[in-house]
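All remarks here apply to the structure that follows.
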Protein chains: 2
Amino acid sequence: MKVLVVGANGQIGKQLVKFIQESDNLEARTMIRKQEQASFFEDLGAETALVDLEDDIDAIAKAADGVDAVVFTAGSGGHTGKDKTIMIDLDGAVKTIEAAKTAGVKRFIMISSFDTTRKAIQEANENFAPYVVAKHYADEWLKATDLDYTIIHPGFLTNDEGTGMINAAPEVKSDEVPREDIARAILASLENDKSIGKEFQVVKGTTTVKEAVDSIK
Amino acid sequence: MKVLVVGANGQIGKQLVKFIQESDNLEARTMIRKQEQASFFEDLGAETALVDLEDDIDAIAKAADGVDAVVFTAGSGGHTGKDKTIMIDLDGAVKTIEAAKTAGVKRFIMISSFDTTRKAIQEANENFAPYVVAKHYADEWLKATDLDYTIIHPGFLTNDEGTGMINAAPEVKSDEVPREDIARAILASLENDKSIGKEFQVVKGTTTVKEAVDSIK
């Protein structure tokens, strides 16, 4: 199973590509923006595709040609200019969804933010709200397609070493989660079709990632 | 027929409310953000509802209670911060659409920008693109509802005096158009159910507004 990782050069993306390359049944194609980012992934034995998320749908579809799944884990992170929030977190995500459809790829895993509900938008502070809005519309767009989607809503991301243990459910209490464990949750979702059509929040916890993902209602 | 004008205090909005109040069959309720904006509309005999577009859907739905049509002509205009682009031009518009549904109002007229296609997004310069993206998603959201929508795509807006003559069609050559004539085109759309389910570009021209709107394919 070949997986296009969009946003591969991000902190979750790099971990994810490592896990994919270490796995028995998966291999990664990484979508990266700059040629100088390629060697890291080539050293892991992964393919690379040089495409900017501000390019058009066809360019992204070309990168997705022949893969079995797309993971969207790109992000401006809420700390860049609000122009990037709308161009990357919203429009980049939707273009990637449309590109998957164009390329005939059914499986799509979206890394969202912790809470992208209408309620979360209204409660967000002025600085964070535009990011929540962007992620909200990207999630809504994905859910309106007939793709085999999984939407993962990570808690507060840290660079702590992963534990392989998480708490995952449609609604969990807000908490931290190591990026490494989010990468593991993506891997577990790719390997478990029970995650199709589901969306869930993930924070640090006491259940193995595999069991946690398998138990999502 | 009572019409809720969202963004009434804008330059198109004020003209529109005047035309509505002068008409035989329509009357306006104006959604405004500040109490000090009310007297202008009260002097025209229009109702006022004090609601901020950053409020929640229920607040907007309350303003739409009992009207027969909603016109969305609010806008950050593409010159404000990009945070307002996403909060007003996208999320404000979508909340207004959802509010119309909540209030049971079927008729919805959206004032969009000249070209909100995917192609226009890709061709827009870096400064303008976020605004086009915001308007694109608002238009897409509206088209996905079962509301009786009309989407008006104005050319380059000027404060020139209106002539009552326009050129309107799904695609016209880009040109200027006085805001006053866009207000007339909204009025003509409200008065002509043939505009339901249509979207069209409007620039200055040589056809009366009424005929132009009536002839949209």
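The values are calculated or read from the model by the stated rules, or taken from the named source; none is laboratory data. The structure displayed is predicted, hence computed values, not measured ones. Positions of Cβ are generated from backbone atoms using ideal geometry, with glycine treated the same way; all protein chains shown enter the neighbour counts. With ligands, DNA and RNA removed, areas are computed over all heavy atoms of the protein, side chains included. Shrake-Rupley method; radii C 1.70, N 1.55, O 1.52, S 1.80 Å.
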_Beta carbon of chain A nearest to the axis of the rotation taking A to B, residue and angstrom distance_ = A:LYS82, 2
*Using packing as a proxy for protection, rank B:10-20, A:47-57 so that the peptide with the highest average count of other Cβ atoms within 10 Å comes first.*
B:10-20, A:47-57
_Other-copy label distances relative to A:ASP214, 7 angstrom Cα-Cβ extension, nm_ = 7.0
_To check you understand DSSP bridge types, tell me what percent of the beta bridges within chain A (both residues inside) are antiparallel, rounded to 5._
15 percent
*Sites A:LYS173 and B:GLN37 - FRET efficiency at Förster radius 45 Å, r taken between beta-carbons, to 0.05*: 0.55
*Between copies, how close do the B:GLY104 label points come, placed 7 Å along Cα→Cβ, listed in nm from shortest?*
4.9
*Using a 1.4 Å probe over the heavy atoms of the protein chains, calculate the carbon and sulfur portion of the accessible area of segment A:1-145 as a whole percent.*
44 percent
*Position B:ASP68, label points 7 Å along Cα→Cβ, spacing to each other copy in nm (shortest first, one decimal)*: 5.9
_In the A-B interface, the accessible area buried, summed over both sides, Å² (probe 1.4 Å)_ = 1900 Å²
*Give, rounded to the nearest 20 debye, the magnitude of the charge dipole that the protein assembly as shown has about its Cα centre when Lys and Arg contribute +1 at Cβ and Asp and Glu contribute -1 at Cβ.*
320 debye
*Roll a 1.4 Å probe over the protein chains and send me the accessible area per residue for segment A:136-196 in Å².*
44 Å²
